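Trainee: Following this message is one structure expressed as structure tokens.
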Amino acid sequence: MGSDQLAQPVTILKGVGAALAEKLAKLHISTVEDLLFHLPLRYQDRTRITPMGAIRRGDEVVVVGQVALADVTKGRRRALIVRLGDGTGSITLRFFHFNMTQKNQFRKGALVRCYGEARPGASGLELYHPEYSLVSQDQTVSVDDHLTPIYPLTEGLTQNRLRQLIQLALAELQKTEVVDWLPKSLFPNLPSLKESLQLLHEPPPDAPIDELTRYKHPSQHRLIMEELIAQQLSLLKLRQQHKHHQAPVFKATGQLGQQMLARLPFPLTGAQSRVIGEITQDIQQPSPMLRLVQGDVGAGKTLVAAIAALQAIEAGYQVAVMAPTEILAEQHYSNFRQWFTPLGLDVAWMAGKLKGKARQAQLERIAAGAPMVVGTHALFQESVEFNKLGLIIVDEQHRFGVHQRLSLREKGQQGDLYPHQLIMTATPIPRTLAMSAYADLDTSVIDELPPGRTPIETVALPDSRRDEIVERIATACYQGKQAYWVCTLIEDSEALQCQAAETTFEDLSVRLKGLNIGLIHGRMKAQEKAEIMARFKANELQLLVATTVIEVGVDVPNATLMVIENPERLGLSQLHQLRGRVGRGDQQSYCVLLYHSPLSRNGKARVAVMRDTQDGFQIAEKDLELRGPGEVLGTRQTGLAQMKIADLVRDQYLLDEVNIAANQLLRHYPHHLPPLVDRWLGSADQYAQV
Ligand code: ADP
Ligand code: MG
């Protein structure tokens, strides 16, 4: 905050030792300032006593009344029941865990103050396990003088302890001059930062609690704006820095590209040509391209990448294509070889599993300047030395975060020159994220599919109808079609997922004796996977049982049926990717979502979205709505998931305003940027260092 006092470690506060500091660290709190930015999730109103006659169900209330009766019920579940009355009405306290000392406290006539949520129960409105205290007759009943904040906690830290600490931090705040990096001239209506923090930690009794609950209070509005602006600025800064670097200028005639296109059995779509044009403009500039190409599954991104690559190659530079999985990388390797070998261009290969002599051989080819290099992220390990890298192409970028994007750029640096970077994703980036998480990129959209595709028909069925589906597969396969059966499981257990696929494979092998069935999963050797894929492609296998490893890139036009087990476990965009493996030819294709019933409400909503739309953008928007940005981007690496107060989905209505404000700050108050970004992103802002 521009003040040394607040930047001090929490241990300067009275009573905070190493042990407590460690607990706080789990909440990402290490300084006094961090404490101040640890904002309440919600509030309770303990500033007034509610007459019992006025309580409605769902209210969280403070009540004070006299014990009319205290009894232990013996029914289905033993409970201590205490009936209180205050002259306006009565309410029942219900405790399932209690001891006799506790029961005996509730003598008839004793005065009790309690706080809890009123819920309908066996005897009218009840408070379950309320917080309570006995009030002695000569005592006046006290209430709080501000709303009670409820903070996110961590193990071993109570609300009360955290509240005390924040009180200490507020005392420091009051002693400090706080600089407002959002200048009054640009934001005349926003309360100051100091006022805002004070209010949010200690709202006065008359603060509008539902405005606060909806994050629409002016103090929240101010902080949300400030945080979103800081996020935006850090990305814009990143972009500016990037544009400052030098990059090779590709002065290509496009001849190689023409040669390649001449060999293809189809022309480019209009959208492909347009996007190639946008890329071409970029790579003829002396500053590095940073462009995101979005295109739905099957839109033909690989071809766009290939034409871009040929321009770099023609100008005498090397190109690296990186894919997130080995299967996808292999697919690219085979595509690029098929396209480039006739042009006399060497294509090299690199993956983590490549070992020994084979690896050495590839490393040498890369170092010697093989024009095209395809691989997984192993491409950017230290042992890989490029000869003259001019363009990096990253496929399915949504799996990589901002920071990986940066490290890639570093790896490719050659002297003063930075390579151009092209990023391709089939997961459309919802507008909200495009404006925030991806604000450092230019974007192009391939908004047209190659002609002759037929829409996929999607049905959702409960897994009780599995037998029917197995028969349907048999019928389709006997008619010469091919099918996928995709097994999913909770994402982080690859082992379990493979096991599920193995079990399904065995089961289907028994039930579909006449068919050739293959199995493919992430734990198989690259060679094995490649063989299985090749056999499926050649129609030697009619049914392929797979895990989500086939999610991206796999291209077998004769496969027209896909069964996805437990689709409710996957994100919508991921399902959309999977489903995109069928519908690649001119025949009608089907996707069966075989869900485990009963579905939750959210599950039903998601299945319905899949059934009703095939528009990747619409699906991504829904996904964001149903799961939030952290999940949609596949990782928490974006930093977005850890925002202190803003929420991209809830606050998206502010993004236009944020954009304008960020640009004004950039133009008129450049010296405010570093402290502003530092305040909100702190050490998470690695942009400054690159
Ligand atoms: P994605 O955008 O999902 O990566 P691909 O690049 O894998 O899509 O292309 C999907 C399929 O469409 C491939 O078989 C590819 O050869 C084909 N394809 C690409 N561009 C065209 C085009 N202009 N006309 C017809 N088919 C095309
Ligand atoms: Mg692709």
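The values are calculated or read from the model by the stated rules, or taken from the named source; none is laboratory data. On a predicted model such as this, the values are computed, not experimentally measured, just so you know. As a convention, Cβ positions derive from the backbone with ideal geometry for all residues, glycine included, and neighbour counts pool all protein chains shown. Ligands, DNA and RNA are stripped out before the accessible areas are found, and what is left, the full protein with its side chains, is counted by its heavy atoms. Shrake-Rupley method; radii C 1.70, N 1.55, O 1.52, S 1.80 Å.
Trainee: Out of the residues in the range 30-89 that are of a type in the set (Asp, Glu) and part of a strand (DSSP E or B), state the one that is modelled with the highest pLDDT.
Mentor: Result: ASP71.
Trainee: Which of the following residues is of a type in the set (A, V, I, L, M, F, W, C) and in the same structural domain as GLU60 (by TED's automatic domain parsing): LEU147, LEU170, LEU125?
Mentor: LEU125
Trainee: Does any residue of the range 465-487 turn out to be among the polar types (S, T, N, Q) and either at pLDDT below 90 or within 33 Å of the chain's Cα centre (by Cα) (or both)?
Mentor: Checking the range 465-487: not a single residue is among the polar types (S, T, N, Q) and either at pLDDT below 90 or within 33 Å of the chain's Cα centre (by Cα) (or both).
Trainee: Does the range 30-51 hold any residues that are under 13 Å from TYR151 (Cα atoms), among the hydrophobic types (A, V, I, L, M, F, W, C) and crowded, with 18+ Cβ neighbours inside 10 Å, and which are they?
Mentor: If the condition is that a residue be under 13 Å from TYR151 (Cα atoms), among the hydrophobic types (A, V, I, L, M, F, W, C) and crowded, with 18+ Cβ neighbours inside 10 Å, then LEU35, LEU36, PHE37, LEU39 are the ones that fit.
Trainee: Pull out all pairs, ordered by first then second residue, where Cβ-Cβ is under 6 Å, the residues are six or more apart or on different chains, the first lies in the range 203-218 and is over 16 Å from ARG48 (Cβ atoms), and the second is acidic (Asp, Glu).
Mentor: Here the result reads HIS217/GLU211, each pair linking the range 203-218 to a residue that is acidic (Asp, Glu).
Trainee: I would also like to ask the following. Name the one entry in TYR128, TYR132 that is open to solvent by 30 Å² or more (accessible area, probe 1.4 Å), at pLDDT 90 or above, under 12 Å from VAL62 (Cβ atoms) and under 44 Å from the mean Cα position of the chain (by Cα).
Mentor: Result: TYR132 is the single residue among TYR128, TYR132 that is open to solvent by 30 Å² or more (accessible area, probe 1.4 Å), at pLDDT 90 or above, under 12 Å from VAL62 (Cβ atoms) and under 44 Å from the mean Cα position of the chain (by Cα).
Trainee: Can you pull out every residue in the range 315-339 that is polar (S, T, N, Q) and open to solvent by 10 Å² or more (accessible area, probe 1.4 Å)?
Mentor: Once the filter is applied, which keeps residues that are polar (S, T, N, Q) and open to solvent by 10 Å² or more (accessible area, probe 1.4 Å), the range 315-339 yields THR325, GLN331, SER334, ASN335, GLN338.
Trainee: With the structure loaded, tell me whether ARG431 is within 16 Å of ligand 1 (Cβ to nearest atom), at pLDDT below 90 and either on the phi < 0 side of the Ramachandran plot or surrounded by 17 or more Cβ atoms within 10 Å (Cβ to Cβ) (or both) or whether it fails that test.
Mentor: Here the answer is no, as ARG431 does not meet what is asked.
Trainee: Return the residue satisfying two criteria in turn: it lies in the range 542-567 and is open to solvent by 20 Å² or more (accessible area, probe 1.4 Å) and at pLDDT 85 or above, and of such residues it is nearest to ligand 1 (Cβ to nearest atom).
Mentor: Filtering first and then ranking leaves PRO557.
Trainee: Can you name the residue in the range 283-306 that is farther than 15 Å from VAL394 by Cβ and of a type outside the set (A, V, I, L, M) and is also farthest from ligand 2 (Cβ to nearest atom) among such residues?
Mentor: Here the residue is PRO286.
Trainee: What are the residues in the range 340-366 that are in contact with a helix residue (DSSP H, G or I) (Cβ under 8 Å, 6 or more places away or on another chain), in a helix (DSSP H, G or I) and open to solvent by less than 40 Å² (accessible area, probe 1.4 Å), if any?
Mentor: Within the range 340-366, PHE340, LEU343 qualify.
Trainee: While we're on this one: So, of the residues in the range 257-314 that are basic (Lys, Arg) and either within 26 Å of PRO557 (Cβ to Cβ) or assigned to a loop (DSSP other than H, G, I, E, B) (or both), which turns out to be least open to solvent (accessible area, probe 1.4 Å)?
Mentor: It comes out as LYS301.
Trainee: Being in contact with a Lys or Arg (Cβ under 7 Å, 6 or more places away or on another chain) and within 13 Å of ligand 1 (Cβ to nearest atom) is the filter; apply it to the range 295-316 and report the residue that is modelled with the highest pLDDT.
Mentor: Filtering the range 295-316 for residues that are in contact with a Lys or Arg (Cβ under 7 Å, 6 or more places away or on another chain) and within 13 Å of ligand 1 (Cβ to nearest atom), the one modelled with the highest pLDDT comes out as GLY295.
Trainee: While we're looking at this one, here's another question. Would you please name the residue that is nearest to ALA305 (Cα to Cα), looking only at residues in the range 256-273 that are in contact (Cβ under 8 Å) with a residue 60 or more places away in the chain and touching an Asp or Glu at 6+ places or on another chain (Cβ under 9 Å)?
Mentor: Looking at residues that are in contact (Cβ under 8 Å) with a residue 60 or more places away in the chain and touching an Asp or Glu at 6+ places or on another chain (Cβ under 9 Å), I get GLN272.
Trainee: Out of all the residues in the range 399-412, is one or more within 25 Å of ASN335 (Cα to Cα), within 16 Å of ligand 2 (Cβ to nearest atom) and either modelled with pLDDT of 70 or more or surrounded by fewer than 19 Cβ atoms within 10 Å (Cβ to Cβ) (or both)?
Mentor: no
Trainee: Taking the stated definitions as given, is LEU157 assigned to a loop (DSSP other than H, G, I, E, B), under 31 Å from the mean Cα position of the chain (by Cα), farther than 26 Å from ASP678 by Cβ and in contact (Cβ under 8 Å) with a residue 60 or more places away in the chain?
Mentor: Yes.
Trainee: Scan the range 448-482 for residues that are within 16 Å of ligand 1 (Cβ to nearest atom) and part of a loop (DSSP other than H, G, I, E, B) and jot them down.
Mentor: Once the filter is applied, which keeps residues that are within 16 Å of ligand 1 (Cβ to nearest atom) and part of a loop (DSSP other than H, G, I, E, B), the range 448-482 yields GLU448, LEU449, PRO450, PRO451, GLY452, ARG453, THR454, PRO455.
Trainee: Kindly check whether there is at least one residue in the range 650-660 that is open to solvent by less than 80 Å² (accessible area, probe 1.4 Å) and on the phi > 0 side of the Ramachandran plot.
Mentor: No: the range 650-660 contains no residue that is open to solvent by less than 80 Å² (accessible area, probe 1.4 Å) and on the phi > 0 side of the Ramachandran plot.
Trainee: Could you check, for the range 580-596, whether at least one of its residues is surrounded by fewer than 17 Cβ atoms within 10 Å (Cβ to Cβ), more than 21 Å from the chain's Cα centre (by Cα) and more than 16 Å from ligand 1 (Cβ to nearest atom)?
Mentor: Looking for residues that are surrounded by fewer than 17 Cβ atoms within 10 Å (Cβ to Cβ), more than 21 Å from the chain's Cα centre (by Cα) and more than 16 Å from ligand 1 (Cβ to nearest atom), one finds at least one in the range 580-596, hence yes.
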